[in-house]
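Okay, structure first, notes after.
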Amino acid sequence: MKETRNCEIRKTTPESRQVEGYALVFNKESRDLGGFTEIIEPEAVEGIVEKSDILCLLNHNEDRGVLARSEYGNGTLSLTVDGNGLKYSFEAPNTALGDELLEGLKRGDIKTSSFAFTVDSDRWEKRSDNTYQRHITKFKELFDVSPVYRAAYPDTSVACRKMQELNEEELKEYYKNLRTEIQ
């Protein structure tokens, strides 16, 4: 069964068409997803980029068009796994959809990222408050990463900014500030 999860978007810079963020984060609890919360373990994404055809869509809506695409690790959508989670980046296309995304980011109307997936393996725990926690240990496939309007994971991010003006130290400080803003 295909599932989707949402994650927050952060800061924007209007001069750039470069969009980036974390589609999913490791070892962070989601919001309540209807009687359960969820945590993604780092090993869940091992090899997933190379075996998935992943689209970047606005609000999971393929009918509106595609912002970027990674076909088994190659394409206009860059996906990298680091210690925080699955990071994505792309240059917003010069289309009505790309312009809508950038305007939504600039205005602060779009504040979240999300991902759609199927699960290969997971484990469930019953908590003392009679709710459940799901640990995703392996994704079967990722279908999309999408800037969206609502978040299930408050620790993810998306941003539009002028990449060429930032050096490595500024990037580290930028992500540190994003994590601080969420907490």
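The values are calculated or read from the model by the stated rules, or taken from the named source; none is laboratory data. Given the structure is predicted, the values throughout are model-derived calculations rather than measurements. As a convention, Cβ positions derive from the backbone with ideal geometry for all residues, glycine included, and neighbour counts pool all protein chains shown.
Could you tell me whether any residue of the stretch 31-45 is modelled with pLDDT under 95, part of a loop (DSSP other than H, G, I, E, B) and closer than 17 Å to VAL145 by Cβ? Scanning the stretch 31-45, I find no residue that is modelled with pLDDT under 95, part of a loop (DSSP other than H, G, I, E, B) and closer than 17 Å to VAL145 by Cβ, so the answer is no. Residues of the stretch 61-94 that are outside any strand (DSSP E or B), in contact with a helix residue (DSSP H, G or I) (Cβ under 7 Å, 6 or more places away or on another chain) and under 16 Å from PHE115 (Cβ atoms): LEU67 alone.
Looking only at residues of the stretch 80-106 that are in contact with a Lys or Arg (Cβ under 7 Å, 6 or more places away or on another chain) and of a type in the set (A, V, I, L, M), we find that the one that is nearest to GLU15 (Cα to Cα) is LEU102. From the list TYR153, TYR174, the one residue that fits, being of a type in the set (Phe, Trp, Tyr), at pLDDT below 90 and either under 14 Å from the mean Cα position of the chain (by Cα) or under 22 Å from LEU58 (Cβ atoms) (or both), is TYR153.
Residues in the stretch 117-150 that are over 16 Å from PHE26 (Cβ atoms), under 16 Å from the mean Cα position of the chain (by Cα) and either surrounded by 20 or more Cβ atoms within 10 Å (Cβ to Cβ) or modelled with pLDDT under 90 (or both): ASP144, SER146, PRO147, VAL148, TYR149, ARG150. Considering only residues that are free of Cβ contacts under 8 Å to residues at least 12 places away in the same chain and either under 21 Å from THR112 (Cα atoms) or of a type in the set (D, E, K, R) (or both), which ones fall in the stretch 20-60? Correct list: GLY34 only. Is it the case that the stretch 95-114 has a residue that's in a strand (DSSP E or B) and farther than 14 Å from VAL145 by Cα? The answer is no; no qualifying residue exists.
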